[in-house]
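Data first, discussion second: the structure below is written as structure tokens.
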Amino acid sequence: GAGVSQTPSNKVTEKGKYVELRCDPISGHTALYWYRQSLGQGPEFLIYFQGTGAADDSGLPNDRFFAVRPEGSVSTLKIQRTERGDSAVYLCASSLTGGGNTIYFGEGSWLTVV
Amino acid sequence: GQQLNQSPQSMFIQEGEDVSMNCTSSSIFNTWLWYKQEPGEGPVLLIALYKAGELTSNGRLTAQFGITRKDSFLNISASIPSDVGIYFCAGHLKGGSQGNLIFGKGTKLSVKP
């Protein structure tokens, strides 16, 4: 596709359940990023991939959060044992390479934990 | 936690007025970026700044990278209704990861026709 594609666009889940959020970056972009945006706040960094490997995962809040990018393209953000505080918009972004190139964001996946 | 102070939090202006917003930090940044976000959308890059003192324009938008590398401002001239949205400053910390973009809390702009 032309832009960064994220699915699902909306997800409502019960507390304690497992959730997967998918990101399809712009074709040819080697760098992929996950951010989380709570209501009224700016996006907060979670993890950054360069190719298949996580170059920086320092933003993941705890070990319930994990992300993979096995073939260097599509990425999945996985959240185990969801809590109400995990409710937020999860934004994925990609750039041509990691260094200084324009970062393009998707529309986000809105996660609500009830 | 976030290390950028963005102000004002919100602005209500008349169409045709000029707008100014800024971001400050106690830390040094290597880049400053300004994004606009509309409801249900991801942030869209408006202007990117890479050098201290740099002044860059994009149409009616002008942004500057502060000399101290700890601040940046964004000006919008002759505002129009489609300028409505939330504007975020963002930057890469000196010594930080190139993937870790730190965002301000945003300035919500409302334009009255």
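The values are calculated or read from the model by the stated rules, or taken from the named source; none is laboratory data. As the structure is a computational prediction, the values presented were derived from the model and not from experiment. With ideal geometry, Cβ positions are generated from the backbone for all residues, glycine too; neighbour counts draw on all protein chains shown. Heads up: the accessible areas ignore ligands, DNA and RNA and are worked out on the full protein's heavy atoms, side chains in. Shrake-Rupley method; radii C 1.70, N 1.55, O 1.52, S 1.80 Å.
Direction-averaged projected area, Cα convex hull, chain A: 6.5 nm², rounded to one decimal. Where in region A:40-81 does the amide nitrogen come within less than 15 Å of the point 7 Å from the Cα of residue A:27, taken along Cα to Cβ? Answer for region A:40-81: A:73-74. Once the C-beta distance of residue B:44 and residue A:9 is scaled by a Förster radius of 22 Å, the resulting FRET efficiency is 0.80 to the nearest 0.05. For the protein assembly as shown, taking the reciprocal of the average inverse distance between every pair of different Cα atoms yields a Kirkwood hydrodynamic radius of 18.0 Å. When only the Cβ of Lys, Arg, Asp and Glu is charged (+1, +1, -1, -1), the dipole of chain B relative to its Cα centre reaches about 360 debye. Highest mobility in the GNM of chain A, judged by mean-square fluctuation with C-alpha springs under 10 Å and restricted to A:67, A:31, A:55, is found for A:55.
Computed in the context of the full set of protein chains, the accessible area of chain A at 1.4 Å probe radius has 48% of its extent on carbon or sulfur.
Annotation for region A:1-105: chymotrypsin sites (Phe, Trp or Tyr not before Pro) lying in DSSP loop with at most 13 further Cβ atoms inside 10 Å of their Cβ are A:18. Springs join every pair of Cα atoms under 10 Å in this Gaussian network model of chain B, and among B:48, B:63, B:78 the largest mean-square fluctuation is at B:78. Across peptide A:103-112, the average count of Cβ atoms from other chains found within 10 Å of a residue's Cβ is 3.
Projecting label points 7 angstrom from Cα along Cα→Cβ for residue A:66 and residue B:75 puts them 5.2 nm apart.
For chain B, averaging the sequence separation of C-alpha pairs within contact (under 8 Å, six or more residues apart) and dividing by the residue count gives a relative contact order of 37 percent.
Placing unit charges on the Cβ atoms only, positive for Lys and Arg and negative for Asp and Glu, gives chain A a dipole magnitude near 280 debye about its Cα centre. Each of residue B:68 and residue B:9 was given a label point 7 Å from its Cα along the Cα-to-Cβ line. The distance between the two points is 2.4 nm.
Using C-alpha pairs under 8 Å with a sequence gap of at least 6, the mean separation divided by the residue count of chain A gives a relative contact order of 36 percent.
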